[in-house]
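The values are calculated or read from the model by the stated rules, or taken from the named source; none is laboratory data. Predicted, not measured: the structure shown is a model, and the values here were computed from it. Note: ideal-geometry Cβ built from the backbone for every residue, glycine included; neighbour counts use all protein chains shown.
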Amino acid sequence: MLNATHFLNEEEKKKNNEPSVVLMRTDFFERMMSYHTKNFGATGLSMIYSMGFANGKYEVFQLRDELLELEAPITKSVLLEKTLQRITHMGWGSIHISEFNQITSEVKVEISFNPFRAKCQSVNNGGCHFLQGYVAGVISEVLGEEVTYNETRCMKSGDCECLLLLRKAVGEPKHPAS
């Protein structure tokens, strides 16, 4: 159930220069992602990952600008934590950092709730690839370098949560369809 008080009317949006909000159900998003994987195979998964990656980078860019208007310059760890809190509040899963090593550029991210979990084991579900790309984009933008990731635990394998290990990319970044 949506609470209508969270949305601005059109006049308020124009006055505050606020973008419109598009809400969709998880199953609708999954069907859109499934279309890509059914029709484009591995290329579709790569497209989905890339869409998530680009949006994750943009989320950090936008949040960094907003925070700089309010505060003194912020550390990478604070920016990372605030970005993941923000996407958690938007309903993209319960995402938090279990380890962040700025010297080695290694980050462990736990996703204990995934809105796509119900269909995680489905071959045609691109929602996980979008979310993984999103997290990789966030980490890449915060670290200021391309990253690759490995899944050490994953809901699609029956685990209770996903654990992603992201680190500085050596060579080409890993995409799920590779």
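At-a-glance table
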| read-out | value |
| --- | --- |
| Conditions (1) farther than 26 Å from M24 by Cβ; (2) among the aliphatic types (A, V, I, L, M); (3) surrounded by 18 or more Cβ atoms within 10 Å (Cβ to Cβ); (4) free of Cβ contacts under 8 Å to residues at least 60 places away in the same chain: number failed by L70 | (3) |
| Residue in the stretch 24-46 that is closer than 28 Å to S140 by Cβ, assigned to a loop (DSSP other than H, G, I, E, B) and either out of contact with any helix residue (DSSP H, G or I) (no Cβ under 6 Å at 6 or more places or on another chain) or at pLDDT 80 or above (or both) present | yes |
| Every pair of residues 6+ apart whose Cβ atoms lie under 8 Å, when the first sits in the stretch 121-138 and is surrounded by fewer than 24 Cβ atoms within 10 Å (Cβ to Cβ) while the second is modelled with pLDDT under 80 and among the charged types (D, E, K, R) | Q121/K156; N125/E30; N125/K119 |
